[in-house]
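Notes follow once the structure below has been shown.
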Amino acid sequence: MAKLSEARTFLKSFTNTDARKFVQSIMKRNYAEAIIEHHPDPQSIHRKAVIDKCQYLVDSTFQRIKQIQGSAEELFPLFARLSRNKQPRDEIWFDEFLQAYQLYKHQRKLRRRYEKIKGYLQGTSYCDIGCGGGDFVAFLKHQHESFQRVAGIDVMDWRTEAVKDEIGFQTLDLSQSDTFSEIKYDTMSCLAVLHHVGNTDETQGVFLQNIRHSLSDGGRLIIEEDVMLPKDELKNNPYYQHQLESLKGQQYPLSDFLKFDYATQKDCIIQIDFLANALAVGVPEMAFPCGFRSIKEWTTLLEKNGYEVEEVKIAGFVPGNFNQSSHVYFVLNKK
Ligand SMILES: C[S@@+](CC[C@H](N)C(=O)[O-])C[C@H]1O[C@@H](n2cnc3c(N)ncnc32)[C@H](O)[C@@H]1O
């Protein structure tokens, strides 16, 4: 039943023509640019052919979603057929994509994320909540010398064999009341996870309190989320305005995204999130409660659950990322 309700949420967002056109257009361009940037042998690839293949991948996906004509029952079976992890793979996939994505996912993405958050890491112990494959934890173990202990927590053990002996790990469902780590950490991160946990103050609040109980006194939490950036929230805030102005010149989708109202921005983020996880990441079985919020809405929830917001860093539609969205980092201290 949960999957049907998630499918309805996606299909409703898909009826928003502005959002759908925006997402379809940025996905084609982002995939092509990311392949060209991250391919292990860029000299060997034919740019025009890559652009054409990305266009086909995205247009064919959107066409096939349209063909199910709003039938919620058919959406996840379609996503399962289109997933990069399906064997044999659907004909939308091509070698240049798969080769570039592999290098990006297991190496380049890790460094790019590390560069974004390294200034906020503190103390000697670190844990990534919702660590997925665990690659980022293993990467930090080698990159960040101050960390003597590194670990991941996830409700599922998705870890690859390569990292199993490298990092500490606990299987915990932090959405359950009073479920937290007995081991305390100085820095924790929660990257692209909270919107998969729930879509109410209560469900996300329980999760945030469990993370708080897993932090050392004075500990820090870094959250990455895709957020709505509605005009009325930004207009009286020079701090956000300044960040966005400096990003606009480097991020072609940002100006168009900012012109949309809250509801259309949310529909864009919903479509990007489903398509990223179902197609390239290849895990349509993931939970999609779509608990997206604006910066102000997150700040209210975070403060209510025992955090002080130290900094809000807008990363936006980061060029070279395969799956671009309106990324924001919240840097929080345990109160
Ligand atoms: C979109 S993935 C993000 C994975 C990784 N942080 C990244 O950015 O590549 C969301 C992750 O959150 C985990 N997750 C979802 N609900 C959870 C829960 N209740 N407790 C712990 N982890 C959870 C999922 O299993 C999944 O690994």
Fill in the blank from the handout: Ranking 194, 57, 307 by how far each Cα lies towards the positive end of the charge dipole of the chain (+1 on Lys and Arg Cβ, -1 on Asp and Glu Cβ), the top one is 57
Completion exercise
What the 5 Å binned alpha carbon P(r) of region 86-141 shows, as percent of pairs per bin from 0, is 4, 14, 21, 21, 13, 11, 8, 5, 3, 0
Completion exercise
Over the Cα atoms of region 2-102 the radius of gyration and the largest Cα-Cα distance (Dmax), both in Å, equal 14.9, 46
Practice task
Could I have the simple spin-label model distance between residue 335 and residue 242, label points 7 Å from Cα toward Cβ, reported in nm to one decimal?
Solution key: 2.5 nm
Practice task
List the relative contact order of region 2-102 as a percent without decimals, with contacts defined as Cα pairs under 8 Å and 6+ residues apart.
Solution key: 36 percent
Problem - Potential lengthening between residue 66 and residue 18 on full extension [0.36 nm per residue; Cα-Cα distance subtracted] - result: 15.8 nm
Handout entry: Residue-span extension gain [residue 311 to residue 5] - 0.36 nm each, minus C-alpha spacing
Key = 106.7 nm
Exercise for the section: Calculate, for residue 235 and residue 115, the FRET efficiency according to 1/(1 + (r/R0)^6) with r their C-beta to C-beta distance and R0 22 Å; round to the nearest 0.05. Expected result: 0.15
Practice task
Calculate for the chain the 222 nm mean residue ellipticity that helices alone would give, adding -39,500 (n - 2.57) per DSSP H run of length 4 or more and normalising by residue count, nearest 500 deg cm²/dmol.
Solution key: -14500 deg cm²/dmol
Practice task
List the relative contact order of region 58-154 as a percent without decimals, with contacts defined as Cα pairs under 8 Å and 6+ residues apart.
Solution key: 18 percent
Exercise for the section: Beyond 17 Å, what share of the Cα-Cα pairs of region 235-335 is found? Please give it as a whole percent. Expected result: 60 percent
Handout entry: Label-point separation, residue 47 to residue 144 (7 Å along Cα→Cβ), nm
Key = 3.7 nm
Problem - Whole-angstrom Cα spans of the chain along principal axes, big to small - result: 52, 46, 43
Exercise for the section: Would you please put 117-125, 7-15 in order of how densely packed they are, using the mean number of other Cβ atoms within 10 angstrom per residue and starting with the highest? Expected result: 7-15, 117-125
Practice task
Mind counting lysine pairs for me in region 2-102? Cα separation below 20 Å, and the two need to be 8 or more apart along the chain or on different chains.
Solution key: 12
Practice task
Just need the relative contact order of the chain here, percent rounded to a whole number, with Cα pairs under 8 Å and 6+ apart.
Solution key: 20 percent
Handout entry: Span from the region 38-107 Cα centroid across to the region 191-226 one, whole angstrom
Key = 31 Å
Completion exercise
quick note, the chain, DSSP beta bridge pairs, % antiparallel (nearest 5) is 45 percent
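Bear in mind that the values in this text are calculations on the coordinates, not laboratory data. Note that the structure is predicted; figures quoted are calculated from it, not measured. Heads up, the Cβs are rebuilt from the backbone with ideal geometry, glycines too, and the neighbour counts pull from every protein chain shown.
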